[in-house]
Amino acid sequence: MSTPESVTESRSLNVPLRGLVAIERLGDKLPHPFWLFVVLSVLLSPVSRGPAAAGVPRVSPKWVTFALAITGMASHMASGAAYVVLVPLGPAAPVP
């Protein structure tokens with residue numbers, strides 16, 4: 001017995017929709033973006049101090065500026081929203 005075309009088309013459309021529903025359910029379980037930012041910032045502080053305590057040398061500020069400029073130019077091709085993330089990182093460069 002063969003199935004009508006509309007049934008097979010609706011089944012093929014259900015697979016991507018089920019994937020999107022699963023992603024949406026996972027996203028609904030995440031906390032508010034503000035709290036994600038706060039928690040990740042708190043976690044990042046000790047993680048970044050670890051290499052400093054181990055004696056890993058710091059990067060020269062001129063290389064941080066260069067890396068931010070190159071990353072900004074490359075990401076601009078993908079999306080202008082990258083500057084929202086990169087601009088606040090500039091002042092984070094270590095001062096000699």
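The values are calculated or read from the model by the stated rules, or taken from the named source; none is laboratory data. None of the values given here were measured: they were computed from a predicted structure. All Cβ positions, glycine included, derive from the backbone under ideal geometry; neighbour counts span all protein chains shown.
Descriptive notes on the structure:
- When region 61-77 is filtered for residues that are closer than 15 Å to P91 by Cα and among the aliphatic types (A, V, I, L, M), the ones remaining, listed by number, are V64, A67, L68, A69.
- Residue list for region 1-30, filter: modelled with pLDDT of 90 or more and touching a helix residue (DSSP H, G or I) at 6+ places or on another chain (Cβ under 9 Å): none
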